[in-house]
Amino acid sequence: MQAQCGDWPLHGLVNNAGLYRPETIPDTTPEDFDLHYKVNQFGTYLGVKFAEAAMGPDGGSIVNISSLAGLRASKGIAYVGTKWAVRGMTKTAARELGPRGIRVNSVHPGIILTPMLDAWSDEDLKTRTAQVPLGRAGMPEDVVHMVLFLLSDFSLYISGAEIAIDGGLSV
């Protein structure tokens with residue numbers, strides 16, 4: 001039996017929960033690592049698992065929010081490790097769920113002005129933003145536009161993609 005919301009199957013899901021604590025390896029406790037895993041990685045797995053069950057015969061779209069840290073190494077072993085895992089889980093899900101017409105992609109935001117950056121000092125934000133080729137930090141809307149595209153019928157032949165939204169920082 002197909003799980004669904006009332007009479008309507010699910011058409012899209014955005015896995016956007018995230019925890020960010022940029023502690024170094026010596027400062028990361030097992031409890032902190034486990035919390036990162038539960039929020040960033042296990043939460044994404046649960047979203048994919050239950051979205052797949054709720055999607056109808058026409059498939060749908062799942063967008064997993066990872067991070068630029070999931071594309072290149074940076075400080076914070078728990079955060080970075082779980083965001084790399086989201087990248088791999090996305091590709092696996094795209095392959096496994098593709099035959100059902102379910103597209104799965106990951107978005108990798110860079111420096112986006114959200115409360116997650118409260119962990120950085122103003123000086124650190126300024127220094128890091130100066131490295132962005134487009135010369136500015138991103139806004140949440142910069143990410144939203146891509147997510148909406150990936151959920152829409154304009155991206156019907158895109159699956160397994162990893163898209164950096166980082167002003168060129170990953171280039």
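The values are calculated or read from the model by the stated rules, or taken from the named source; none is laboratory data. All figures in this text were calculated on a predicted structure; none of them were measured in a lab. Ideal geometry is used to build each Cβ from the backbone, glycine not excepted, and the neighbour counts take in all protein chains shown.
Summary of values
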quantity	calculated
Top-ranked residue of region 21-50 - restricted to ones that are without any contact (Cβ under 8 Å) to a residue 12 or more places away in the chain and assigned to a helix (DSSP H, G or I), ranked as nearest to Arg100 (Cα to Cα)	Lys49
Pairs, first closer than 18 Å to Asp142 by Cα in region 152-171, second in a loop (DSSP other than H, G, I, E, B) and among the polar types (S, T, N, Q), C-beta under 7 Å, six or more apart	Ala164/Ser170; Leu169/Gln131
Which listed residue, of Val80, Val63, is under 18 Å from Ser152 (Cα atoms) and of a type in the set (A, V, I, L, M, F, W, C)	Val63
Residue satisfying condition, being of a type outside the set (A, V, I, L, M, F, W, C) and under 14 Å from the mean Cα position of the chain (by Cα), within set Pro133, Pro140, Pro99	Pro140
In region 30-69, the residues that are modelled with pLDDT under 95 and either more than 29 Å from Asp142 (Cβ to Cβ) or over 17 Å from the mean Cα position of the chain (by Cα) (or both)	Gly56, Pro57, Asp58
Some residue of region 86-96 being touching a residue at least 60 places away in the same chain (Cβ under 8 Å), over 17 Å from the mean Cα position of the chain (by Cα) and within 24 Å of Ile165 (Cα to Cα)	yes
Among residues of region 29-53, those that are over 17 Å from Ala94 (Cβ atoms) and either among the β-branched types (Val, Ile, Thr) or touching a Cys at 6+ places or on another chain (Cβ under 7 Å) (or both), counted	2
Residue within region 112-129 that is touching a residue at least 24 places away in the same chain (Cβ under 8 Å) and of a type in the set (D, E, K, R) present	no
Selection from region 34-80 of residues that are polar (S, T, N, Q) and closer than 18 Å to Asn105 by Cβ	Asn40, Gln41, Thr44, Ser61, Asn64, Ser66, Ser67
